[in-house]
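Colleague: Sharing a structure, written as structure tokens. Questions coming.
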Amino acid sequence: MVLKKCQSNQNDYIVFDEYNVKIAEKIIDYKLHDQPEKRENSIIQIFANENNDDQNDWIASFLFDDQSKQFLFY
């Protein structure tokens with residue numbers, strides 16, 4: 001599978017609905033379910049396809065206090 005590089009466009013915004021928020025929470029809980037302090041102190045970015053009808057692929061970026069970075073594909 002080939003993933004295109006995620007690029008944010010200042011003029012385009014994706015509005016997350018309740019379903020999207022649940023998926024984002026599942027992703028965060030999967031990665032940091034037993035680490036509440038790490039969850040609190042990490043920078044988490046979650047990206048989804050901009051086409052609302054085709055949001056099957058999600059990528060999460062986790063930046064931790066020690067400046068290590070991990071990615072999760074969902």
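Colleague: Could you give every pair whose Cβ atoms fall below 9 Å, whose first residue belongs to the stretch 16-27 and is of a type in the set (G, A, S), and whose second residue is at pLDDT below 85, counting only separations of at least 6 or pairs across chains?
Modeller: A24/F16; A24/A48
Colleague: Which one is nearest to D17 (Cα to Cα), of the residues in the stretch 27-74 that are of a type in the set (D, E) and part of a helix (DSSP H, G or I)?
Modeller: Looking at residues that are of a type in the set (D, E) and part of a helix (DSSP H, G or I), I get D53.
Colleague: Next question, about the same structure. Checking the conditions here, which among V15, V21 is at pLDDT below 90, under 15 Å from the mean Cα position of the chain (by Cα), part of a loop (DSSP other than H, G, I, E, B) and among the β-branched types (V, I, T)?
Modeller: Among V15, V21, only V15 is at pLDDT below 90, under 15 Å from the mean Cα position of the chain (by Cα), part of a loop (DSSP other than H, G, I, E, B) and among the β-branched types (V, I, T).
The values are calculated or read from the model by the stated rules, or taken from the named source; none is laboratory data. Keep in mind that this is a model prediction, so the values were computed, not measured. Cβ sites come from the backbone with ideal geometry, for glycine too, and all protein chains shown count toward neighbours.
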